[in-house]
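The values are calculated or read from the model by the stated rules, or taken from the named source; none is laboratory data. Small disclaimer: the values here were computed from a predicted structure and weren't measured. Every residue, glycine among them, receives a Cβ derived from its backbone with ideal geometry; neighbour counts consider all protein chains shown.
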Amino acid sequence: MQSSTLPVIVILALFSLPYAAFGSKSSHLCSDDFLHLEAYVGMNERQSTSCRKLTTLQAQFAWNFYRTSHNQTQVNILIGTKMITDAGWLAWGVNPDLPQMVGTRAIIAIKPPNGSSPFVNTYNITKDTKLYCSIQPSDIGLRVQNKTAQHITGTGFFTISATLILPESYNISRLNHVWQVGYVAEGFEPMVHSKTLQNFDSREILDLNTGQCQNIGHNRRRLRKIHGILNIIGWGTLMPIGVIIARYFRLYPFKLESWWFTFHYSCQALGYILGSFGWGLGLLLGHESKYYTFYTHRVLGICIFGFATLQVTQMLAFRLKPTKDDEYRKHWNVYHHFLGYSLLVMIPVNIYQGIQILKPDNTTWKWAYNGILVLLAMVVLALEVYTWTKFLYQRKGQARQKTGQGSGTSPQADQTQQKTDNKGSATSPQTDQDTSKQPISGS
């Protein structure tokens, strides 16, 4: 197997990452199922109605409006999503100040678990709501008429339709509107919704005239995609490739003399640079996320950056590295390999943690990274099979006696042991493998 095969194969899987991050989105037009809802058909017959898919929670939103004689705006709305559970709630509202949950004048429909008819009411969302205080139906200071909720069995849609009379203080060219979906309710009280990025990003500024919107989480979502790509390529691809080079191209089955270290360190250093940029973006995203934190992903990310920094910096400080004859060399080897193999475990775990956070829009990400891991595993398996095949073939062709020290060792260790036997050295194969240029991780 040629040394250039590994990067070529892995690059094929990396091609799918830009598609996962910046692939074409589906049309903003509503689905056929939604457009054929009786409520939408009725709205559209009375007045031309606009309709668009919202950016999160698989919600779809339709509206029409007209100015009243008192400089107010009558807005007819229909919002729906496919409810995946037997019970739950759907909310939509407007905020006169900012596109955020606190301060929203909301209409919330609750779907009971017993199959009875859903009910809908108005609610004020206050700061106490974020503190998990009870929320009960209340007047929202707006005239809300004809509010109804329906669950359509055939399509699975759960919908709210209503008519709002908005005073002149509401700018219909920049209307702050918020939507939300939850799956637990007690009586008339909706309980806390899921804490996913989809739930936190469910807000935007909508121009009712043109249908154009300013999605508040758009830039943040773009940064998340860049964060994911940098970490998958840096930590999740280049770092393991560096380890593979150190294991299979240093001494056995392929010996690249001093070139193995150049390739190894280049992969590790480039992976560290890309991963560090991705880690920095993660810190920025965490700082901007005032109301939620993904603790496991955050802690693992900090550990990965810390361990990788130790591995890279020890390569820059050659004078601090013990020589082969130093009695502390074996302790240094344990430390070096512990960090390296710890990284190989933590990196994929944390990448999958990040992919899980993107749920439900994470299918392409998951398959892309699965493909990278499978390709790396196939390359390692092929190299390992080749290593043992070559080793056993050479052993069979040689008529020499095995010493107790050399028996049952790995091919790499056995090759080194042969040199040790010739020199009469008392060091172990594993210790003797360490050269003046030790690999960064997992070598």
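Could you grab me the full set of residues in region 61-71 that are surrounded by 18 or more Cβ atoms within 10 Å (Cβ to Cβ) and polar (S, T, N, Q)? Within region 61-71, just ASN64 meets the criteria.
Within 17 Å of VAL192 (Cα to Cα) and in the same structural domain as SER173 (by TED's automatic domain parsing): is that true of THR104 in this structure? Yes, satisfied. Within region 83-93, the set of residues being surrounded by fewer than 23 Cβ atoms within 10 Å (Cβ to Cβ) and either of a type in the set (Val, Ile, Thr) or within 21 Å of GLU168 (Cα to Cα) (or both) comprises ILE84, THR85.
Summed over region 286-299, residues that are surrounded by fewer than 18 Cβ atoms within 10 Å (Cβ to Cβ), assigned to a helix (DSSP H, G or I) and touching a residue at least 12 places away in the same chain (Cβ under 8 Å) total 4. More than 30 Å from PHE391 (Cα to Cα), out of contact with any strand residue (DSSP E or B) (no Cβ under 7 Å at 6 or more places or on another chain) and of a type in the set (Gly, Ala, Ser): is that true of GLY187 in this structure? Yes.
The residues of region 41-65 that are in a strand (DSSP E or B), free of Cβ contacts under 8 Å to residues at least 40 places away in the same chain and more than 18 Å from GLY156 (Cα to Cα), listed by number, are CYS51, ASN64.
Does at least one position in region 241-256 carry a residue that is outside the structural domain of VAL379 (by TED's automatic domain parsing) and in contact with a helix residue (DSSP H, G or I) (Cβ under 7 Å, 6 or more places away or on another chain)? So far as region 241-256 goes, no, none of its residues is outside the structural domain of VAL379 (by TED's automatic domain parsing) and in contact with a helix residue (DSSP H, G or I) (Cβ under 7 Å, 6 or more places away or on another chain).
For ASN199, state whether it is without any contact (Cβ under 8 Å) to a residue 60 or more places away in the chain and outside any strand (DSSP E or B). Give the derivation first.
On the way: without any contact (Cβ under 8 Å) to a residue 60 or more places away in the chain: no; outside any strand (DSSP E or B): yes.
No, not satisfied.
State all residues of region 202-211 that are part of a loop (DSSP other than H, G, I, E, B) and acidic (Asp, Glu); if no residue qualifies, say none. Correct list: ASP207 only.
Has region 222-245 got any residue that is exposed (fewer than 14 other Cβ atoms within 10 Å of the Cβ) and either in a helix (DSSP H, G or I) or over 22 Å from the mean Cα position of the chain (by Cα) (or both)? Scanning region 222-245, I find at least one residue that is exposed (fewer than 14 other Cβ atoms within 10 Å of the Cβ) and either in a helix (DSSP H, G or I) or over 22 Å from the mean Cα position of the chain (by Cα) (or both), so the answer is yes.
Each row is one residue, and each column tells you yes or no for (1) of a type in the set (Gly, Ala, Ser); (2) at pLDDT 90 or above; (3) assigned to a strand (DSSP E or B).
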{"position": "LEU17", "(1), (2), (3)": "no, no, no"}
{"position": "ALA21", "(1), (2), (3)": "yes, no, no"}
{"position": "HIS28", "(1), (2), (3)": "no, no, no"}
{"position": "LEU78", "(1), (2), (3)": "no, yes, yes"}
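Screening the candidates GLN74, GLN58, GLN47 for the property of being modelled with pLDDT of 85 or more, surrounded by fewer than 18 Cβ atoms within 10 Å (Cβ to Cβ) and on the phi > 0 side of the Ramachandran plot yields one hit, GLN58. Being crowded, with 23+ Cβ neighbours inside 10 Å, of a type outside the set (Phe, Trp, Tyr) and under 31 Å from the mean Cα position of the chain (by Cα) holds for only one residue in GLY103, GLY80, and it is GLY80. SER194 falls short on exactly one of the conditions (1) out of contact with any Asp or Glu (no Cβ under 9 Å at 6 or more places or on another chain); (2) surrounded by fewer than 14 Cβ atoms within 10 Å (Cβ to Cβ); (3) modelled with pLDDT under 90, and that condition is (2).
Residue by residue, here is whether (1) modelled with pLDDT of 60 or more; (2) in the same structural domain as LEU223 (by TED's automatic domain parsing); (3) outside any loop (DSSP other than H, G, I, E, B); (4) not polar (S, T, N, Q) holds:
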site: ASP326; (1), (2), (3), (4): yes, yes, no, yes
site: ASP361; (1), (2), (3), (4): yes, yes, no, yes
site: ASN370; (1), (2), (3), (4): yes, yes, yes, no
site: TYR386; (1), (2), (3), (4): yes, yes, yes, yes
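Counting just the residues of region 341-379 that are more than 25 Å from THR296 (Cα to Cα) and in contact with a helix residue (DSSP H, G or I) (Cβ under 6 Å, 6 or more places away or on another chain), which one comes out surrounded by the fewest Cβ atoms within 10 Å (Cβ to Cβ)? Ranking the candidates gives LEU375 first.
Within region 355-366, residues that are farther than 19 Å from LEU54 by Cβ have Cβ atoms under 8 Å from residues that are charged (D, E, K, R) and assigned to a helix (DSSP H, G or I) in these pairs: ILE355/LYS366, counting only partners at least 6 apart in sequence or on another chain.
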